[in-house]
Structures are given as C-alpha cells and as structure tokens.
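The values are calculated or read from the model by the stated rules, or taken from the named source; none is laboratory data. Only a predicted model underlies this, so the values are computations on that prediction, with no experimental measurement involved. Cβ coordinates were reconstructed from backbone atoms using ideal geometry, including for glycine residues, and neighbour counts include every protein chain displayed. Side chains are part of the model used for accessible areas, which takes the heavy atoms of the whole protein and leaves out ligands, DNA and RNA. Shrake-Rupley method; radii C 1.70, N 1.55, O 1.52, S 1.80 Å.
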Amino acid sequence: MTDRFYDNTRITAYKRCPRYFYYRHKQDWALDGTSPPLIFGSSWHESMDVLWRLAAEMDDRNVTKDDIVKASWLAFNRKWESEMTPWEEMGDEEKKRLGARTPMVALEMLYGYIEAREKILFSPDFELIAIEQPFAVPLDPDDDTLFYVGRMDKVFRWRGDIYGGEHKTTSAYRKADVPFRSQFLDSFSPNSQIDGYLHALHMLYGKEAKAIWVDAALVHKQVHDGFSWIQIERQFTQLDSWLYETKTWINSIERDAANLDARRERGDNTPYLPVFPKNTNSCMDFAGCPYLELCKMIPNPEGLDTPAGYKKEHWSPFNELKLNEIGLSQ
C-alpha cells in the first residue's frame, strides 16, 4: 500500500470546510495575487533562520549583534523582493495597503528582537539543534503507511530540555505588558498544528522533549519591541486526543477523496457535487473564504477550467516541507 502523508495545512483546510479543501487541494485553485501578511511572515521566517544561525555561531566568529541584524535583514529583503515590488518602486497606494508590513518596520523589529532574545540565544545554556527541520512521524501503531509530516521552524536545547520553536507574526496589538490581543494568545491552546508538532517532538526526541515555544512578534508601525514566548506543553492524554481527532479527520478526507475518484472514473455528471460538502458556518471566517463566490455560483465545479482571479497551484508537502531532506519520496 502507498504511504499516506498528511500535514497540518491540508487537515486544517478540510476541518475549515470540505469544499474549501476540494477547491484548494483537489482542483488546486488558489487566489491569484499577493498577500502582504503571508509575504511579510515568510520573509520574517527567512530573517529568523539567519539570525538564529549567526547567534549560535557568535562565539566562534568575529560577529557583532549589528552584523547579525544586517545579515538577517538582507535575508528578509531577498524573500520580500522575490514576491513583492521593491519598496523604492512602489506607488503610494500600494505602500498604504501594506500598513506596518514593510521592510523598514522589519529592520526596526530585528533590532528589537535581538535585544529581547539575547538572554536565551547568547546563553551557554542554549544549543541550536536544527533550523527548518522536516519530520515524518507515524500516526497509528497499527498502520505503518500513515504519517504526520511537517517542518519545525527551530529545534533547540535550553537548560537540558529540547524544544520546538515556531515563529509567528501578528498585528493584533493591545497596550499591555504582553502586547498581544488575548484572541491571538488563546489561538495556540488548543491548536492542532502546535499539538501535532508536540507529538512529533516527543516521537523524535523522547523524554528530552519538553514543549513548543511560539516565538510571537508584533508587527506595528510604532511598536517595534513587541515579542513574547508562548510556551505550550501538553499531557500525554491530550496528545492522545489530538491523535484520535486527527485520524478521524483523515478518515473523512480519504472517504471523500475515494468517492470523488469513483465519480470521476464513472464519468458522473450530476447538477451538484455530492462529495466534499460545504460548511457554510465558515464562509465568513478568516476575513472571508476565497471560494465564497464560486460556492454561490457553481453547484458542480467538476470539469471546469480555472476561474478568472485564480491560478493553478498545487500544494505538495514534499516541496513545501522539504521532506526529501529526510529521505522521503512521493
């Protein structure tokens, strides 16, 4: 039997709405255009990879904190300019649309970040184990074909324990000691991605595994020192609950996928699509579903060309998570 690899992105898409999953991961339709929050977030990840690596090597090289920030900002800009118009060439309206998500704000944040994280990143109790660590861990002891896959932003040792680190950026600001809105802070508990990464951390590192630390960074025009560690630990019974729920969702995905394949093989052409049903309670979540208008207008999208405003873009965990680095193949 073929190995089955499931990542948080696809499982979460199905949980959000099976029809959303169908459009994104069966039709491979994605909105055509750029998303400033996503591009800023991915650019921030690139800068963090450089900053953490250089911070871990600081004692072995003649590198200053200013050198680290500048190198990190170069990494941010390389990623930014690969997907966005260079800042100097942007018009006023485009700059206004970005809000605080600009390269210059990122530079100020990097200076604030290295000061906020100095006590950990430059401590003799800190050891960087991995950057962008892909993983594939079993989900069921009775099914050796089923795997949960992902990529941890960082894996590190702190005071003898091993942690997974996840970088998250947000504009959810409030004036308080912890400068994040409670809705953002509460979004990590419960959280299927964090629980899945905790499961993977325990599978990979055993008793040394301790927790996932969410490395939260505030994106704001004036406040550039808004950072917080959000520490997430789980009891094993809680992770067992995550395992049960994850396998239940996967069963539903595979059932709908099998029914869709059977319909395609038979050449069924019904007025509506009787697989991957809509969850209409999610239509306005996450600032609105990108497929809302399609659901309103098209009862059965099977066999249609990619609609205007969308592009064909396949999500592959092997490409996105770089699973080939750990010896896996499709």
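Stokes-Einstein diffusion for segment 195-261 at 25 °C, viscosity 0.890 mPa s, with a Kirkwood radius from C-alpha pairs, works out to 166 µm²/s. Comparing mean-square fluctuations of 264, 157, 234 from a GNM of the chain with C-alpha springs under 10 Å, the top value falls on 264. Calculated mean residue ellipticity, 222 nm, the chain: -13000 deg cm²/dmol, from DSSP H runs (n ≥ 4) at -39500 (n - 2.57) each, averaged per residue and rounded to 500. Beyond a 21 Å Cα-Cα separation, which of these cross-linked pairs lie in this structure: 26/278; 79/175; 119/210; 96/312; 79/168; 154/207? Pairs exceeding 21 Å: 79/175; 96/312. Of all the options 314, 202, 45, the one that moves most in a Gaussian network model of the chain with Cα springs shorter than 10 angstrom is 314.
Each residue of segment 143-159 was assigned a 3J(HN,Hα) from its phi angle through the Karplus curve 6.51 cos²θ - 1.76 cosθ + 1.60 (θ = phi - 60°); the sequence is 9, 7, 9, 9, 10, 9, 10, x, 8, 7, 4, 9, 10, 8, 9, 9, 6 Hz, with glycine and proline shown as x. Highest mean packing first, where packing is the average number of other Cβ atoms within 10 Å per residue, the peptides 271-281, 10-20 line up as 10-20, 271-281. What segment 10-63 shows is 40 Å² of accessible area per residue, with the surface traced by a 1.4 Å probe over protein heavy atoms. Counting only protein heavy atoms and using a 1.4 Å probe, the accessible area of residue 158 comes to about 30 Å².
Expressed to the nearest 5 percent, the antiparallel share of DSSP beta bridges inside the chain is 65 percent.
The apolar share of the surface of segment 11-55, taken as the fraction of accessible area on carbon and sulfur atoms (1.4 Å probe, ligands and nucleic acids excluded), comes to 54 percent. Taking the chain, how much of its Cα-Cα pair set, in percent, is spaced more than 34 angstrom apart? Counting every Cα pair in the chain, those more than 34 Å apart make up 30 percent. Across the options 73, 34, 52, the greatest Cα extent toward the positive end of the charge dipole of segment 1-73 (unit charges at beta carbon of Lys, Arg, Asp, Glu) belongs to 34.
Across segment 178-247, Cα pairs under 8 Å and at least six residues apart give a relative contact order of 34 percent. Note on segment 42-126: the C-alpha convex hull projects to 5.8 nm² when averaged across all orientations.
Note: relative contact order over the chain, using C-alpha pairs below 8 Å and six or more positions apart, is 23 percent. D by Stokes-Einstein for segment 1-99, Kirkwood Rh over Cα pairs, 4 °C, 1.567 mPa s: 77 µm²/s. Rounded if a/c is under 1.5, else prolate if a/b is larger than b/c, else oblate: which is segment 193-318, with a ≥ b ≥ c the root eigenvalues of its Cα gyration tensor? The shape class here is oblate. Entry comment: accessible area of segment 77-133 is 56 Å² per residue, from protein heavy atoms only and a probe of 1.4 Å. Surface composition of segment 215-330: carbon plus sulfur atoms hold 49% of the accessible area, using a 1.4 angstrom probe and ignoring ligands, DNA and RNA. With a ≥ b ≥ c the root eigenvalues of the C-alpha gyration tensor of segment 1-58, is it rounded (a/c under 1.5), prolate (a/b larger than b/c) or oblate? Cα axes put segment 1-58 in the oblate bin. Each of 291, 238, 201 was placed along the dipole of segment 169-298 (beta-carbon charges, centred on the mean Cα), and the one lying farthest toward the positive end is 291.
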